[in-house]
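The next block holds one structure in the form of structure tokens; read it before the comments.
Only the coordinates and a few stated rules stand behind these numbers; no lab work does. Every value quoted in this text rests on a predicted model; they were computed, and no experiment measured them. Cβ placement follows ideal geometry from the backbone for every residue including glycine, while neighbour counts extend to all protein chains displayed.
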Amino acid sequence: MQTLISDDAPTFKLLTDELALCWVHEERHYKKLTSKVNDHQKLLEQFLDDFWVTSRELLAYRDAPTLSTEQRLRSEFLRAFTTESGYQQLDERKRLTATKILELLLVLKHPELPLHNNPAELAARTMLRSIDLIRE
């Protein structure tokens, strides 16, 4: 298989030449962050807003890819995921995401790729649920 879009499970790395990571799965790591500190909650909310702005910009790139836009998006990704916020857990999570730049930005190399695999995942779940119902 040439390219696969998945979550970050190590198993998938053995199945494909190029692995693109699903933005929806990546965002779930951030949803798990919880803080009782109001300022931290605001930092996380702002970061998640920016996360989805980046996602929308990548979707727009798919429709009209240019070298200058690619370079800008790479630069923005690095800035977003390497800038310290002061919220330790958020900054640690951002550092982990930054290490996945190649997989999360594979769409810049292959604009035909979707940014997430949710339709395929939902279809697989539906199929498995149907099998479960038949067995019952």
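Some observations on this one:
- Close amide H pairs (under 5 Å, H built 1.01 Å from N) link ILE5 with ALA20, residues at least 5 positions away or on another chain.
- Proximal charge balance of GLU70 [Cβ under 13 Å; K/R count +1, D/E count -1]: +2
- Within a straight-line Cα-Cα reach of under 26 Å, LYS109 can be paired with the following lysines, leaving aside sequence neighbours fewer than 8 residues apart in one chain: LYS13, LYS94, LYS100.
- 3J(HN,Hα) along region 63-77, derived from phi through the Karplus expression 6.51 cos²θ - 1.76 cosθ + 1.60 where θ = phi - 60°, amounts to 7, 8, x, 9, 5, 5, 5, 4, 5, 5, 5, 4, 4, 5, 4 Hz, with x in place of Gly and Pro.
- In Hz, Karplus ³J(HN,Hα) per residue of region 90-101 (6.51, -1.76, 1.60; θ = phi - 60°; x = Gly, Pro): 5, 5, 5, 5, 4, 4, 5, 5, 4, 6, 9, 4
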